[in-house]
Amino acid sequence: MNNLSRRSFVSFALASTSLLAMPAISTGSARPKVVVVGGGAGGATAARYIAKDSKGAIDVTLIEASKHYYTCFYSNLYLGGFRDYDSIGHSYNNLSANHGVNVVHDWAISVDSSARKVRLGSGATVSYDRLVLSPGIDIKYDSIDGYSVEAQTKMPHAWKSGTQVKVLRDQVLNMPKGGTFAMVPPPNPYRCPPGPYERISMVAHILKEKNPTAKIVVIDPKNKFSKQGLFMAGWEKHYPGMVEWIDNDTHGGIKNVNPETMEIETDLDTFKADVACVVPAQRAGAIAMNAGVTDGDWSPIVPASMQTKADSNIYVLGDASVASAMPKSGFSANSQAKVAANHIRGELTDSRVFPAKFSNTCWSLVATNDGIKVGANYKAGEEKIEVVDKFVSKTDEGNAKRKKTYEESIGWYNGITTDMFS
Amino acid sequence: MVNIVFKFFIAISCLLIFRGLLAEPLLDGADFDYGEYLSGQCLTCHQNSSDEGIPAINGAEALYIAKKLILYKNKELGNEVMQLVAGALDKEQIASLAIYFNSLEK
């Protein structure tokens, strides 16, 4: 048997023969229950992996209000005209049909963590042994003076995909000739660090074609941003003279916005826009706040498992968590979901629990066939998720490489959405 | 009865095939369950229905997968994401992934 241990050989042989047995999904009421709130990159992946890998031994319920999920990732490519809107929409049907996940289209309103119950908008309650919260972000509307829920159609944030991205695309397409598009990116920390700058690239791509004398002004509450050198070199190359990025030190701070006059006031100047995308500060989705597992705006987690520090029966994934070095991205949430799923199965069915392994890559499109990327591997430290190794695209790499990076991002989109919804 | 004999035959064949595979030093220490867990990281990008942008790897030869991962780990193949992924894998993890993906249907 060479160097192969007897134990791993036996488990391997059993695994191979178990393929022949094709276990049916058990429907016994004594099965442990996992409730997952939020059907995005974290929640859909967690629900799918727990149900799939436990082979029916765990009763999994997914609570998600939307019947059709439009991914936030790649919504910028829809904005830029590189994708159809329908192509970023996905159904939950396969999670039920293929893995026996009980998909409930409703809002989770509150969590009673001592009774281990989730109350839904319909008034029904669902019991859990373990609860996974993956609610994404809520927008802090009051973080910018003058911004509000009512203002969001005039100055869309379009930071949660869905119809706001459609509104924004229509506004850009109908902008007056030679007009001004203003972008106010969010302060740190926020969902999708390169997202605002990919968005600027996609708007520039439309304007270059349809409205080439138009201008883009970026009024940033930060002094630096993700993949900054790559984006700025790309803007200069593809859209020379069109994009002006103004950092916080230069404009001195955003004092307020006025959706009626379409003005953005800073210490430096008042900017008047024809179309404005204003993305306020963010915090964990409301259900994480309600469950009492947040500290400030986000939910601290135990790096080895993604359990919350406040309640070991509750796990928080993705944007809503404090994942330290990991950015708030769909890729990160998907990666964290697999660590949590493995841990939950171990707790509820005594299956083997392996060491946490996290990764992330963020691809962005700067112009047609000009893709860039940044990525890292992470490990669970005692207190924080820590970087092991990382990379970022280079400014001087050739066109062929950039095209390949864009094509790779298409492969990734197909991969992650299959991993979430198939 | 025929069914039982057939299953027995398949099971024995699997054992013999895997034993043969595992005689290969690159696949020493392979752990199927660990490979299944580790595969989660790969499946964020690699899926089975198309090769667009990123290749499908289900059902590939175990040795082929192990050798590719080692080339990426040593930066002898040039894709930053794969260099990162493979760079963080040890020998046992590479072997585990190789036998796991080999076991999946193409």
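So here's what we get for this one:
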read-out	value
Interchain or long-range residues, amide H under 5 Å from A:Asn256's placed H	A:Glu265
Fraction in percent of alpha-carbon pairs per bin - 5 Å, the stretch A:359-422	4, 16, 21, 18, 17, 13, 7, 3, 1
Within chain A, longest stretch clear of exposed GluC sites (Glu not before Pro) (DSSP loop, no more than 10 other Cβ within 10 Å)	A:1-259
Student exercise, the stretch A:145-280 dipole from Lys, Arg, Asp, Glu Cβ charges, in Debye to nearest 20	620
Charge dipole (debye, nearest 20) of the protein assembly as shown; +1 at Cβ of Lys and Arg, -1 at Cβ of Asp and Glu	980
Positive-end extreme of charge dipole, the protein assembly as shown - chosen from B:Pro25, A:Val184, B:His46 (charges on Cβ)	B:Pro25
Eligible aspartates and glutamates near A:Lys33 by straight Cα distance, threshold 15 Å, same-chain separation 8 or greater	A:Asp53, A:Asp59, A:Asp129, A:Glu347, A:Asp350
Contact order relative to length of chain A, as percent, for alpha carbon pairs under 8 angstrom and 6 or more apart	17
Whole-Å semi-axes of chain A's equivalent ellipsoid (Cα gyration tensor)	40, 25, 19
The stretch A:145-280: C-alpha gyration tensor shape, a/c 1.5 cut-off, then a/b vs b/c	rounded
222 nm mean residue ellipticity, helices alone, for the protein assembly as shown (DSSP H n ≥ 4; -39,500 (n - 2.57); rounded to 500)	-11500 deg cm²/dmol
3J(HN,Hα) from dihedral phi, the stretch A:353-367, Karplus parametrisation 6.51/-1.76/1.60, rounded to Hz, x for glycine, proline	10, 9, x, 4, 9, 10, 8, 7, 9, 10, 8, 9, 9, 9, 7
Long-range HN-HN contacts of A:Val279 with modeled amide H, under 5 Å	A:Val184
Which of A:Ile88, B:Ile70, B:Ile94 has the fewest Cβ neighbours within 10 Å, and the rest in rising order	B:Ile70, A:Ile88, B:Ile94
Sum of side-chain charges, A:Ala47 neighbourhood, beta-carbon under 13 Å (Lys, Arg +1; Asp, Glu -1)	+2
Residues B:Leu84, A:Leu95, sorted so that the one with the fewest Cβ neighbours within 10 Å comes first	B:Leu84, A:Leu95
The stretch A:145-280, relative contact order in percent, only Cα pairs under 8 angstrom and at least six apart counted	36
Cleavage-rule hits (GluC sites (Glu not before Pro)) in the stretch B:38-94: DSSP loop, at most 11 neighbouring Cβ within 10 angstrom	B:Glu76
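The numbers here are math on the coordinates, done by the rules we state, and not lab data. Quantities reported herein were computed from a predicted structural model and do not represent experimental measurements. Because the Cβ atoms are built from the backbone with ideal geometry, glycine has one as well, and the counts that use them run over all protein chains shown.
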